[in-house]
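Step one of this worksheet: look at the structure below.
The values are calculated or read from the model by the stated rules, or taken from the named source; none is laboratory data. Owing to the predicted nature of the structure, the values given are computational and were not obtained by experimental measurement. Note that each Cβ is placed from the backbone with ideal geometry, even for glycine, and that neighbours are counted across all protein chains shown. Accessible surface is based on the protein model in full, side chains and every heavy atom, while ligands, DNA and RNA are left aside. Shrake-Rupley method; radii C 1.70, N 1.55, O 1.52, S 1.80 Å.
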Amino acid sequence: MAKDVICGMYVDESKAKFKAEQDSAKYYFCSSNCLEAFLKPEKEKRSLKYLMIFSLGFGVLTAIFEYIYKISWLGIPNYIWLFILATPVQFIGGWRFYKGAVDAVKAKQANMDSLIVIGTSAAWVYSTIVAFQGILWPTIFQATGAITEVYFTESGLIIGFIMLGKYLEHIVKGRASQAIRKLIDLQPKLAVVIRNKKEMQIPVEQVKAGDIFMVKPGEKIAVDGIVIEGYSSVDQSMITGESIPVSKKIGDEVIGATINKSGLLKIKATKVGEATTLAQIVKMVQEAIASRAPMQRLADLVSSYFVPIVILISVLSFAFWYFIADLHFPMAMTMLISVLIIACPCALGIATPSAIMIGAGKGAQNGILVKSGEFLERTHKITSIIFDKTGTLTKGEPSVTDVVAVSSTEKNVVETAAIAEKGSEHPLGQAILKKAEEMKIKLPKGESYKTIAGKGITSTYKNKTILVGNRLFMKDYKLPTENLENQIQKLENDGKTTVVVAYGGRIVGLIAIADTLKEFSKEAVAELGKMGKEVWMITGDNERTAKAIAQQLGIDNVMAEVLPQDKAKKVKELQEKGKIVAAVGDGINDAPMLAQADVGIAVGAGTDIAKETGGIVLIKNDLRDVVTAIDLSRRTVSKMKQNLFWAFFYNVALIPVAAGALYPFGIVLNPIFAAIAMASSSITVVGNAMLLNRYKGRIA
């Protein structure tokens, strides 16, 4: 048995999963209650509405016949009529609370349903005994005289008002989950595919990977794919948060559910069903909502002790007022019921989940995906942020800026380096190959390619060794670079990465490569500085090149000449100094560093969301989203703390009142008003969390 993340009930997860499968649903919360509330909100809302009207209707009738107009129709005493009116409310309107309490008992726990069931059942059982005392048990109260005080009205109206609170709370939570529901609703229903050279319209669920489909201007793109024909601009705002449509040409990736704005596109489907970007986003947001943040686990721990303590307080308050203070039985009973109802920890149970739900939804709307509530809570605590350079701070698309021939021609230097880099996927290798293409060099094929991580690449051509790499690489092969040091330093001081090219045991030249900064990266670094965060840059480049890039960005702290396998160690070194570290990288290559960090942030993940290691995935290549993620975490945690404060304050402040602390001043809390106050607190907590919907981001 597990505790439901939204409702606070103890439920069977396997049944919830089965129910999701029966409804052909891809995602589900841990309980059938939340599953129903999320997948079929209108059905759940109607159910709560009818139960609320039923319970309040019978409750009000009971109150009328108890306090205003006592009836004795068909020779049946008034108390029996009250019993007839209150009993359906107790066991039909209150059935869900009994079920929740039984589930809690099975899990060896106590929850809010336990308090509601104990309080209302005590009132109903006591009132039933009183109602039937003169008929079935005429001698039971002879010693003290007949007791005429009953609580049928209280038991009925308590359930009615709690159901009202649940109904209003459901409406508020329905609005809170709008961001996720909107994401689900983005999925187009139909797609126009080309099969057997004919266009046919089919449900989007039937589109297969490899299918070719058409998208006209104004239509939604059915699934993720690659443009194979046409040119257009695509509105991706609903997925990435980008306000300006993005140009798409042949070879570009497109995301399902985005809108084709202008030209006709022919697209080859690459990801369908649960593999699409939209499905991954919805799944990740669902998982974040279903996860338990540390603050939520604290609330759960408090609740597990709180409920038994409340039951004890209610019993002790009854015992004190009845046996010690010699207060009459009905008044002591009123205090027992009031304590149980007023202390119901509904608000406590939804204080953090409601904030996480809206925080995660707002993040998704802005292309910021948080994998769990723990990361959402932890991110605002970050003290240091380490940015990988290539592909994160820079575009990762470097180009050759300088070619220095030492013992050969510039063309020969480029050709020699390109032979070794042929087939390489390293950004520097790609830049050299691109330069060779620009120079219209026809590359012969080399042999025995070998890459040494962080140093360079070696190959063989015409039985001679080609070396392309840094100084350390040349040193390993006993090729001195001292006589080239002035030229190398001059290039590196300009922020250029310089590789040395050798062939047949002698250095033939130098190639300088520069990478351009990403748009908004400097702005993001400046904003993080304003937030008081310590910013670092980590790179495999030499110190001079690294510092030149860092200076352009306004970064003072640099980790240079760090091999890929050592990046995680550098993160750990900062953590050992007591810093809470976020690592920001451009994806899978930075996985060890992202995994080691307290919060790993994968930037520019695009459609490969499921592959990322980071606790936070940023769909866009915009580093300002790092700032927004931290700020959103701060706002969300602030709402969690506010909600927990009000939930605790409410209970702590009103339990003494319910227990009779103000009775000497003539003030007694009626259980009905306790139920109204309890329901109001839950609505207040969710309403406070909903204020997060107004969040626009730190950077406009």
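Mean residue ellipticity at 222 nm from the helices of the chain, using -39,500 (n - 2.57) per DSSP H segment of n ≥ 4 over the full residue count, to the nearest 500 deg cm²/dmol?
Rounded to the nearest 500, the figure is -15500 deg cm²/dmol.
Would you mind telling me the share, in percent, of accessible area of the chain contributed by carbon and sulfur at probe 1.4 angstrom?
Accessible surface attributable to carbon and sulfur in the chain totals 57 percent.
Whole Å is fine, so just give me how far the alpha carbon centre of the stretch 440-518 lies from that of the stretch 352-392.
Using only Cα atoms to place each centre, the spacing works out to 40 Å.
By how many degrees, 0 to 90 and rounded to 10, does the Cα axis of helix 671-690 deviate from the longest principal axis of the chain?
Taking Cα atoms only, the helix is inclined about 10 degrees.
Taking the Cβ-Cβ separation of Y305 and V406 as r and a Förster radius of 56 Å, what is the calculated FRET efficiency to the nearest 0.05?
It comes out at approximately 0.15.
Could you check what % of the DSSP bridge pairs in the chain are antiparallel, to the nearest 5?
In the chain, DSSP labels about 75 percent of beta bridges as antiparallel.
Mind ranking 419-432, 369-382 by how tightly packed they are, going by the mean number of other C-beta atoms within 10 angstrom, highest first?
Working: 419-432: 20.1, 369-382: 23.2.
Highest-to-lowest ranking by the protection proxy: 369-382, 419-432.
Kindly provide the chymotrypsin sites (Phe, Trp or Tyr not before Pro) of the stretch 438-512 that DSSP labels as loop, not H, G, I, E or B, and whose Cβ sees at most 14 other Cβ atoms within 10 Å.
Numbers: sites: Y449, Y461, F473, Y477, Y503; in loops: Y477.
Listed in order of number, the matching sites are Y477.
In this model, which of K518/K620; K189/K362; K522/K547; K455/K570; K283/K371 are farther than 21 Å apart at the alpha-carbon?
K189/K362
Suppose all protein chains stay in the model; what accessible area per residue would a 1.4 Å probe give for the chain, in Å²?
On a per-residue basis, the chain sits at 45 Å².
Please list, or write none, the aspartates and glutamates whose alpha carbon is within less than 16 Å of the alpha carbon of K530, excluding same-chain residues fewer than 8 places away.
Answer for K530, where 16 Å is the Cα cut-off: D556, D625, D631, listed by chain and number.
Is the C-alpha gyration tensor of the stretch 530-594 telling us rounded, prolate or oblate? Criteria: a/c under 1.5 is rounded; beyond that, a/b larger than b/c is prolate, otherwise oblate.
Oblate, since a/c reaches 1.5 and b/c is not below a/b.
What is the gain in length, in nm to one decimal, between A325 and R46 on full extension, counting 0.36 nm per residue of separation less the C-alpha to C-alpha distance?
Gain in length upon complete extension: 95.8 nm.
Check which residues have an amide H placed less than 5 Å from A222's amide H, if you skip close sequence neighbours.
Amide H neighbours of A222: A257.
Considering only C-alpha atoms, what is the centroid distance from the stretch 527-556 to the stretch 219-268, in Å?
If you average the Cα positions of each part, the centres end up 35 Å apart.
So what are the ³J(HN,Hα) numbers for the stretch 365-382, from phi and the Karplus equation (6.51, -1.76, 1.60; θ = phi - 60°), rounded to whole Hz, Gly and Pro as x?
4, 9, x, 10, 9, 9, 6, 7, x, 4, 5, 4, 6, 6, 4, 5, 7, 4
What does the net charge come to around G59 if you take all other residues with beta carbon closer than 14 Å to its beta carbon, with K and R at +1 and D and E at -1? Before the final figure, lay out each step's value.
Numbers: positive: none; negative: E66, E154.
Cβ neighbours under 14 Å give a net charge of -2.
Suppose a student asked you for the relative contact order of the chain, using Cα pairs under 8 Å spaced at least 6 residues apart; what percent would you report?
Over the chain, the number comes to 14 percent.
Which cross-chain or sequence-distant (5 or more) residues have an amide H under 5 Å from the amide H of I513, H modelled 1.01 Å from N in plane?
T401, T497, T498, V499
Sum up the charges of everything whose Cβ sits under 9 Å from the Cβ of A269, counting Lys and Arg as +1 and Asp and Glu as -1, but leave A269 out.
Once all neighbours under 9 Å are counted, the net charge is +1.
Treating only the Cβ atoms of Lys and Arg (+1) and Asp and Glu (-1) as charged, compute the dipole magnitude of the stretch 402-452 about its Cα centre; round to the nearest 20 debye.
Its charge dipole is roughly 160 debye.
What is the ratio of the Cα radius of gyration of the stretch 382-448 to 2.2 N^0.38 Å, where N is its residue count, to two decimals?
Normalised Rg, Cα atoms only: 1.40.
Can you tell me which aspartates and glutamates have their Cα less than 16 Å from the Cα of K450? Leave out same-chain residues fewer than eight positions away.
Cα-Cα hits under 16 Å: E421, E425, D476.
Considering only the other residues whose Cβ falls under 13 Å of the Cβ of R506, what net charge follows from Lys and Arg at +1 and Asp and Glu at -1?
Summing Lys/Arg as +1 and Asp/Glu as -1 gives +2.
For the chain, take the longest principal axis of its alpha carbons; what is the angle in degrees between that and the long axis of helix 294-319, to the nearest 10 within 0 to 90?
Taking the Cα atoms of the chain, the angle to 294-319 is about 10 degrees.
Compute the long axis of helix 427-438 from its Cα atoms, compare it with the longest principal axis of the Cα atoms of the chain, and write down the angle in degrees, 0 to 90, nearest 10.
That works out to roughly 50 degrees.
Under 5 Å between amide H atoms, partner at least 5 residues away or on a different chain: which partners does T394 have, H built in plane at 1.01 Å?
Result for T394 returns K518.
Could you tell me the calculated FRET efficiency between D252 and K464, based on Cβ-Cβ distance and R0 = 45 angstrom, to the nearest 0.05?
0.65
For the chain, what are the per-bin percents of Cα-Cα distances with bins 20 Å wide, up to the bin holding the maximum?
Values per bin, smallest distances first: 15, 36, 27, 14, 6, 1.
Label I129 and Q206 with points 7 Å out from Cα along Cα→Cβ: what is the distance between them in nm?
6.7
Per residue of the stretch 325-341, in order, report the coupling 6.51 cos²θ - 1.76 cosθ + 1.60 (Karplus, θ = phi - 60°) as ³J(HN,Hα) in whole Hz, putting x for Gly and Pro.
7, 6, 7, 5, 3, x, 5, 5, 5, 4, 5, 4, 5, 4, 4, 4, 6
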